[in-house]
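Working notes for the structure below.
The values are calculated or read from the model by the stated rules, or taken from the named source; none is laboratory data. Source: prediction; values computed, not measured. Please note: Cβ atoms are built from the backbone with ideal geometry, for glycine as well, and neighbour counts cover all protein chains shown. For accessibility, only protein heavy atoms count, side chains too; no ligands or nucleic acids. Shrake-Rupley method; radii C 1.70, N 1.55, O 1.52, S 1.80 Å.
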Amino acid sequence: MSLQRNLIEQIELFNCLNDNEKTFLAERSEIKTKGRYNYIYLADEPSSHLNILLKGTIKIGTHSSDGKEIIKSIIHPQAIFGEMCIMGQQKRVDFAKSMSSGVEYFTVNKETFSQLMKSNSTLSQEFMSGIGDRLTRAETRLESLIFKDARSRIIDFLKESLEKRGRQVGFEMMFKHSLTQQDIANLTGTSRQTVTSVLNELKKENLIYFTRKSILVRDVAKLA
């Protein structure tokens, strides 16, 4: 239990809990790990637990009728996933899959989390605010898929990635990732060939430089 309690202290969402609430949560939660490319849950499985990613990267997605993978979001540490169980979802509609080795996540059943939300209004507000932010991002992405061309969607992905986890490197910005070009294609509603073409075009224009694990943006303002 001491491990859970120590990790609870590091999770931003739980800063609003008092000592008794943190102990209550620690007694009823687990820390789980997954290797790379392992499913955390699948569509149609019972939607019974809320999770918070502690280490690594995972993707949330679904499959089209022809079996094509569609990535809905990429989850990084401190982010909640599987949260729709709190909103009344009985079965998962998406899958969650690890993308990096050493994925570690905190998991708690929906009854325990719901009980804490009832007793702690700040936790409830923080949770609902997070749901609202995620819905806003989903709407923005949907608008991008409908109204923007492939190059613009891939550039939007670069900008969003920089905003979330980019770091300054001199006068430039860089972010590390564990995505394949097929993953980026699935995330942006394009093809792998299109992603390769657009990234190479941007590199040729001296706007970006990329490797398998990172992308460096030379001037965000000029990225258009």
A correct Karplus calculation of ³J(HN,Hα) over segment 9-19, with 6.51 cos²θ - 1.76 cosθ + 1.60, θ = phi - 60°, whole Hz and x for Gly and Pro, returns 5, 8, 8, 4, 4, 9, 4, 7, 7, 7, 4
With Cα springs under 10 Å, the Gaussian network model of the chain assigns the largest mean-square fluctuation among 119, 144, 101 to 119
If one builds a Gaussian network model of the chain from Cα atoms under 10 Å apart, the most fluctuating residue listed among 162, 17, 135 is 135
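Please give the FRET efficiency for residue 133 paired with residue 206, using the beta carbon to beta carbon distance and R0 = 30 Å, rounded to the nearest 0.05.
Numbers: r = 34 Å, r/R0 = 1.13.
Once the sixth-power term is evaluated, E becomes 0.35.
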Between the alpha carbon centres of segment 107-169 and segment 179-214 the gap in Å comes to 23 Å
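Could you work out the helix-only [θ] at 222 nm for the chain, with each DSSP H run of four or more residues adding -39,500 (n - 2.57) and the total divided by the number of residues, to the nearest 500 deg cm²/dmol? Numbers along the way, then the final one.
Details: 7 runs with 92 residues, N = 224.
Theoretical 222 nm ellipticity from helices: -13000 deg cm²/dmol.
Give, in whole angstrom and from largest to smallest, the semi-axes √(5λ) of the equivalent ellipsoid of the chain, with λ running over the eigenvalues of the Cα gyration tensor.
Values: eigenvalues 226, 77, 52 Å².
Ellipsoid half-lengths, sorted descending, are 34, 20, 16 Å.
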Zone reached by a paramagnetic label modelled 7 Å from residue 12 Cα along Cα→Cβ, restricted to segment 121-141 with backbone N below 18 Å, covers 122-138
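Please work out the Kirkwood hydrodynamic radius for segment 183-224, using every pair of different C-alpha atoms, and report it in angstroms with one decimal place.
Kirkwood hydrodynamic radius for segment 183-224: 10.8 Å.
Give me Rg over Rh for segment 30-134, both radii from the alpha carbons and Rh done the Kirkwood way, two decimal places. Intermediate values should be presented prior to the final figure.
Details: Rg = 13.7 Å, Rh = 14.2 Å.
Rg/Rh for segment 30-134 comes to 0.97.
Which value, in Å³ per residue, describes the convex hull spanned by the Cα atoms of segment 101-177?
162 Å³
Using only the alpha carbons of segment 121-224, what is the convex hull's orientation-averaged projected area in square nanometres? Before the final figure, lay out each step's value.
On the way: hull surface 30.2 nm².
Over every viewing direction, the Cα hull of segment 121-224 projects on average to 7.5 nm².
Convex hull volume of the Cα atoms in segment 26-87, per residue, in Å³?
108 Å³
Expressed in nm to one decimal, what extension gain is obtained for the pair residue 107 and residue 126 from 0.36 nm per residue of sequence separation less their Cα-Cα distance? Write down the numbers at each step before the final one.
On the way: separation 19, 0.36 × 19 = 6.84 nm, distance 1.76 nm.
So the chain would gain 5.1 nm between residue 107 and residue 126.
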Taking a probe of 1.4 Å and leaving out DNA, RNA and ligands, the chain shows per residue an accessible area in Å² of 54 Å²
